[in-house]
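Q: Structure incoming, see below.
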Amino acid sequence: DQSSMVYIILAVYGTGIYVLLRILIDLLTRIWKIYRQRFSGITLDRRKAMLLLSVCWLPYYLVLFPGALWYDTGAELEQFFGVVPFNNMNPFLQTILIGSFTAFGKMIGSVSVGIALYTGLQALFALWVITEGLFTVTELLDLNNKHILYCLLAYAVIPIYPLYAFAVGKDFNWSVSILLCLICTAKILHDPDAFFGKKRNTVVFVLALVLVSLLRNSGLPIAVLAVLISFLALRYPHSYKKTHISAAVSFIVLMLFWHQIFLPFMHVSKEGNAKENYSVPLLQLARAVNDYPEDFSAEDETVIGRVVDIDAVKNLYDPDLSDSIKNTYNNDASEEDINAFTGLYRREFARRPLCYIDALIAKSYAYFDPDADGTEKPYAVGGNYASARTEGLDLEIRYLSERLPYIISGLIVRLRSVPLVGIMTKCGIWVWIYLVAFIYQVKRLSWKQLLLFVPGLAVLIGLLFTPVNGYFRYVLPIVMLVPLSVLSCFKKSIH
């Protein structure tokens, strides 16, 4: 009967999982024995570690060549080549970067070469930062090659890292920049004299702060936190205090120049930022309108309609995604209209706080639930998804294999249903590993390591206010930090 068939399927499935686990364990055991016998005496330095990572990532580069192009990439190229006016909805620095490499490729007769150069340099930047991070943590904690190797294998073997490294987007390079910023901050807390005694380190620190601030519109608070944390080193006798302060001042000046002079000079509109800033309040208000329509009068609907399409609010509410509502945001709304709308939002929040909180949780839970699938599109890491917006730009992009990147993209989506392996494609598992590492540091009262978790915790808080639920690329900074966070738990504190 049907119940017997279910038991048979479960038995076969369980047996298959057991066999696969035994094979995997036996394989890892043999690899470890070979390593102990042949390579245990080899010293692993930065150059060898970076070479090992490069070899492991190279096949992904060849398969995805010249790189995965995202839908947002198309929007950036439209701006760069003058199809639409500049705006800062996608960070303008990202628009300049990908546009410049694409224009270079077009100039030499191959757009694909220009994009491949971009993704290749992005991957090299990531390889250098990851390697530097591994050795910085192991040196500060007095760990050995074995600990470096564990983390190195994580970055080398888990496909998420190379897949996103060769994607043209605005999240991977930002995540790498956050890691670089934390590496600099850790070195400053450990020995500010040694760090600021080299001009190169000061330049790298300021560059990291700038990249964190400009590669993502929400990045400035993360950079400010890193600066504030680094200033705790000023409590100690510190020969380079002036250099330290000048680095912070240089960062502030560069930010002021970018936002107050350069963006206005380039006529970069900030309209897209307003729409993004209201994505969560719009979703919460839409939830209230749908659940409690009796709370809203015709006058209230008029107030809402001046800022966003009231029909979209009523009919297009999606608890996981705010795009269908926020995309109807009226960029021409007056300050009076905005003030009336925010007043209505506050009034309804006071009346139905649980409804608003529930809407926020419904939009964010997949970032914290290890079993939630989240949104599928973050796994579209292969192929040209920008083509819909670049058809009129005369950008011929050729892949080594036209079908293979899309096949890989589809396989990664299906990986979510594979036991053990699939869990690595879900946001929640990465978030909880990071949180467990943080809680472990709290238990040990290791204040320096705790401070280094603060920017990552700020990213976690920011996940609550993203427009999409469980969008994997939004959690990439945490994914990038997890191996080093786990590595930091091997010793009591930074000495």
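Coordinate-derived values only; no laboratory data. Values in this document were obtained by computation on a predicted structure and should not be read as measured data. Heads up, the Cβs are rebuilt from the backbone with ideal geometry, glycines too, and the neighbour counts pull from every protein chain shown.
Q: How much length, in nm to one decimal, is gained on full extension between ASN290 and SER269, taken as 0.36 nm per residue of separation minus their Cα-Cα distance?
A: Contour length minus Cα-Cα distance gives 4.3 nm.
Q: Then there's this: Report Rg (one decimal) and Dmax (nearest whole number) for region 219-361, counting Cα atoms only, units Å.
A: Here Rg and the maximum Cα pair distance are 21.1, 66 Å.
Q: Regarding region 106-230, what is the average projected area of its C-alpha convex hull, in nm²?
A: With every direction weighted equally, the projected area is 9.1 nm².
Q: Long-range amide H contacts for ALA167: which residues qualify at under 5 Å (H placed 1.01 Å from N, peptide plane, sequence gap of 5 or more or a different chain)?
A: Hits under the 5 Å cutoff: ALA68.
Q: In nm, to one decimal, how far is the modelled label at LEU316 from the one at GLU335, with both set 7 Å along Cα→Cβ?
A: Placing both labels 7 Å beyond Cα along the Cβ direction yields 2.9 nm.
Q: Would you please name the trypsin sites (Lys or Arg not before Pro) within region 175-259 that are DSSP coil residues with at most 13 other C-beta atoms within 10 Å of their C-beta? Write out the running numbers ahead of the final one.
A: Working: sites: LYS187, LYS198, LYS199, ARG200, ARG216, ARG235, LYS241, LYS242; in loops: LYS198, ARG216.
When the trypsin sites (Lys or Arg not before Pro) of region 175-259 are filtered for loop state and at most 13 Cβ neighbours within 10 Å, LYS198 remain.
Q: At 7 Å along Cα-to-Cβ for each site, give me the label-to-label distance between TRP258 and LEU62 in nm.
A: 3.7 nm
Q: Just to be sure I understand: if I project the alpha-carbon convex hull of region 72-111 onto a plane and average over all orientations, what area do I get in nm²?
A: In nm², the orientation-averaged hull projection of region 72-111 is 2.5.
Q: Please give, to one decimal in nm, the separation of the simple spin-label points placed at ARG444 and LEU464, each 7 Å out from Cα toward the Cβ.
A: 2.8 nm
Q: Per the Kirkwood definition applied to all pairs of different Cα atoms, how many angstroms is the hydrodynamic radius of region 246-321?
A: 15.3 Å
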